[in-house]
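A short worksheet on the structure shown next.
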Amino acid sequence: MLRHYNIPVFLPELACPFRCVFCNQSSITGRQQLPDDQAVIASIEEHLRSFPSSDRHVEIAFFGGNFTGLPEKTQAQYLELAQPYLKAKQIQGIRLSTRPDYVSRENLVFLASYGVRTIELGAQSTDDAVLQLSGRGHTANTTRKASNMIIEAGFELGLQMMIGLPGDSLAKAMQTARDIIDWGATETRIYPCVVIRETELENMFKKGSFQPLSLDEAIHQTAVIYQLLEQARVKVLRMGLHASEELNGAGLLAGPYHPNFAEMVFTRLWKLQFESADWPESKHIQIVTAPGQHNFAIGFQATNKKRLEQRYQKVEFVTNPDLQNRAFTIQSLPR
Ligand code: SF4
């Protein structure tokens with residue numbers, strides 16, 4: 001089966017004239033300068049060597065601040081670096097992330113000429129009050145229009161969202177997810193808002209005007225949103241922030257960061273699944289899941305299994321490759 005691999009190139013916010021209240025890009029990327037050509041090429045080569053040589057779909061991914069806010073000469077310089085790998089078919093495409101208000105028809109033509117396939121927009125929310133309180137500097141309509149232009153120009157569209165932003169709620173986050181679906185995104189990433197030092201959010205948090213979600217609330221909201229997106233076949237590429245030295249150390253002041261966040265969300269999805277099931281009267285049960293879901297069904301730190309063990313004397317988890325996604329069966333076994 002074809003597996004997807006990204007070669008990430010992080011570009012910090014040097015190009016970004018905004019300061020979203022939650023953002024201190026130097027803390028998130030751990031870099032404060034644009035990487036030079038040699039560093040990018042070395043990273044590409046190293047990643048290519050680490051991937052299997054067949055059955056792979058590789059993209060160079062320019063992540064970070066605001067790619068299309070960089071001077072066009074700098075955009076071209078980075079995109080040029082990817083060209084030999086595209087021509088040699090060592091990579092199959094280029095993706096990048098940028099802001100919705102930095103998308104124009106002219107720039108899309110320019111990006112297409114370099115083989116860019118996918119554009120991810122930091123939508124964050126589609127609620128104008130949330131966007132304003134978060135200092136985003138654009139409205140939901142800007143994101144909708146940019147999404148249209150990207151799709152019309154033939155790119156794959158990704159719309160990234162955040163939960164727990166200032167003024168946000170589960171209902172607003174669910175509406176953001178519905179808009180992501182309606183506006184034609186084929187993929188998304190869900191990032192919980194955390195309080196990083198040296199950001200406006202730090203001041204808001206210290207003054208008491210902002211309270212981040214608890215880890216449990218963030219897991220619950222993400223699980224609910226994941227179900228909506230999954231039903232609409234929007235691929236969720238990531239849930240939770242990338243681990244970094246800063247987030248694991250002194251850079252994080254408060255908020256729902258956990259290096260196993262995605263695993264915890266899948267654990268919650270299975271908990272919800274189990275809560276809606278009919279359970280047999282028995283002492284020993286066997287739960288059968290798809291192989292790829294086995295660990296999630298048992299749960300992060302075996303929480304789902306432990307919960308079931310409060311009711312049953314023995315709980316076994318086994319796999320069956322015929323099962324898909326979170327489908328499962330329960331069997332009563334003799335003692
Ligand atoms: S647009 Fe992106 S890089 Fe710029 S301040 Fe906001 S989050 Fe940071």
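The values are calculated or read from the model by the stated rules, or taken from the named source; none is laboratory data. Model, not experiment: these values are computed from the prediction. Positions of Cβ are backbone-derived with ideal geometry, glycine not excepted, and every protein chain shown enters the neighbour counts.
Answer with yes or no whether LYS207 is over 18 Å from ARG19 (Cα atoms) and free of Cβ contacts under 8 Å to residues at least 24 places away in the same chain. Can you show your working first?
Values: over 18 Å from ARG19 (Cα atoms): yes; free of Cβ contacts under 8 Å to residues at least 24 places away in the same chain: yes.
Yes; evaluated as a whole, the condition is true for this residue.
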> Before we move on, is ALA171 away from the ligand (no atom under 15 Å from the Cβ) and part of a helix (DSSP H, G or I)?
Replying inline: yes
>> I want to confirm something. Restricting to the range 52-78 and keeping residues that are modelled with pLDDT of 95 or more and of a type in the set (Phe, Trp, Tyr), which single residue is nearest to the ligand (Cβ to nearest atom)?
In response: PHE62
> Which pairs do you get when a residue that is under 19 Å from ALA153 (Cβ atoms) and touching a residue at least 60 places away in the same chain (Cβ under 8 Å), found in the range 119-131, comes within reach of a residue that is among the basic types (Lys, Arg) and away from the ligand (no atom under 12 Å from the Cβ), reach meaning Cβ atoms under 9 angstrom, with the pair 6+ apart or on two chains?
Replying inline: GLU120/ARG95; GLU120/ARG189
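Kindly check whether there is at least one residue in the range 80-95 that is touching a residue at least 60 places away in the same chain (Cβ under 8 Å) and not hydrophobic (A, V, I, L, M, F, W, C). Break it down into steps so the answer makes sense when it comes.
First, pick out the residues of the range 80-95 that are touching a residue at least 60 places away in the same chain (Cβ under 8 Å): 91, 95.
Still in the running and not hydrophobic (A, V, I, L, M, F, W, C): 95.
The answer is yes; a qualifying residue exists.
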> Restricting to the range 245-267, what's the tally of residues that are in contact with a Phe, Trp or Tyr (Cβ under 9 Å, 6 or more places away or on another chain) and among the charged types (D, E, K, R)?
Replying inline: 1
>> Considering only the range 207-218, I want to know if a residue exists there that is crowded, with 21+ Cβ neighbours inside 10 Å, out of contact with any Pro (no Cβ under 9 Å at 6 or more places or on another chain) and among the polar types (S, T, N, Q).
In response: no
>> Looking at the range 261-295 only, could you name the residues that are farther than 21 Å from LEU215 by Cα, modelled with pLDDT of 95 or more and hydroxyl-bearing (Ser, Thr, Tyr)?
In response: THR289
> Across the range 121-137, what is the number of residues that are within 16 Å of the ligand (Cβ to nearest atom) and either surrounded by fewer than 20 Cβ atoms within 10 Å (Cβ to Cβ) or not in a loop (DSSP other than H, G, I, E, B) (or both)?
Replying inline: 10
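Is it fair to say LEU111 is crowded, with 22+ Cβ neighbours inside 10 Å, away from the ligand (no atom under 16 Å from the Cβ) and either over 22 Å from the mean Cα position of the chain (by Cα) or not aromatic (Phe, Trp, Tyr) (or both)?
On the way: crowded, with 22+ Cβ neighbours inside 10 Å: yes; away from the ligand (no atom under 16 Å from the Cβ): yes; either over 22 Å from the mean Cα position of the chain (by Cα) or not aromatic (Phe, Trp, Tyr) (or both): yes.
When the stated conditions are applied, LEU111 passes them.
Residue under question is THR118, and the condition is that it be touching a Lys or Arg at 6+ places or on another chain (Cβ under 7 Å) and away from the ligand (no atom under 12 Å from the Cβ); does it hold? So that I can check it myself, show each step before the final result.
Details: touching a Lys or Arg at 6+ places or on another chain (Cβ under 7 Å): yes; away from the ligand (no atom under 12 Å from the Cβ): yes.
When the stated conditions are applied, THR118 passes them.
Got a sec? Which of LYS271, LYS305 is closer than 22 Å to THR222 by Cα and free of Cβ contacts under 8 Å to residues at least 24 places away in the same chain? Walk me through how you get there before you give the answer.
Details: LYS271 fails: free of Cβ contacts under 8 Å to residues at least 24 places away in the same chain.
After ruling out the rest, the residue left standing is LYS305.
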> Could you count how many residues in the range 271-328 are part of a helix (DSSP H, G or I), of a type in the set (A, V, I, L, M) and buried (at least 17 other Cβ atoms within 10 Å of the Cβ)?
Replying inline: 3
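Given the residues SER169, SER244, which is the only one that is surrounded by fewer than 22 Cβ atoms within 10 Å (Cβ to Cβ) and without any contact (Cβ under 8 Å) to a residue 12 or more places away in the chain? Steps first, please.
Numbers: SER244 fails: without any contact (Cβ under 8 Å) to a residue 12 or more places away in the chain.
After ruling out the rest, the residue left standing is SER169.
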>> Can you pull out every residue in the range 186-242 that is modelled with pLDDT of 95 or more, farther than 30 Å from GLU59 by Cβ and not in a helix (DSSP H, G or I)?
In response: VAL195, GLY208, SER209, PHE210, GLN211, PRO212, LEU213, SER214
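Any residue in the range 229-240 that is over 30 Å from GLN331 (Cβ atoms), out of contact with any Asp or Glu (no Cβ under 8 Å at 6 or more places or on another chain) and of a type in the set (Val, Ile, Thr)? Spell out how you get there, then give the answer.
The first filter runs over the range 229-240 and keeps only residues over 30 Å from GLN331 (Cβ atoms), leaving 229, 232-240.
Okay, now just the ones that are also out of contact with any Asp or Glu (no Cβ under 8 Å at 6 or more places or on another chain), so 229, 232-233, 238-240.
In the following step, the residues that additionally are of a type in the set (Val, Ile, Thr) were identified as none.
For the range 229-240, residues over 30 Å from GLN331 (Cβ atoms), out of contact with any Asp or Glu (no Cβ under 8 Å at 6 or more places or on another chain) and of a type in the set (Val, Ile, Thr): absent.
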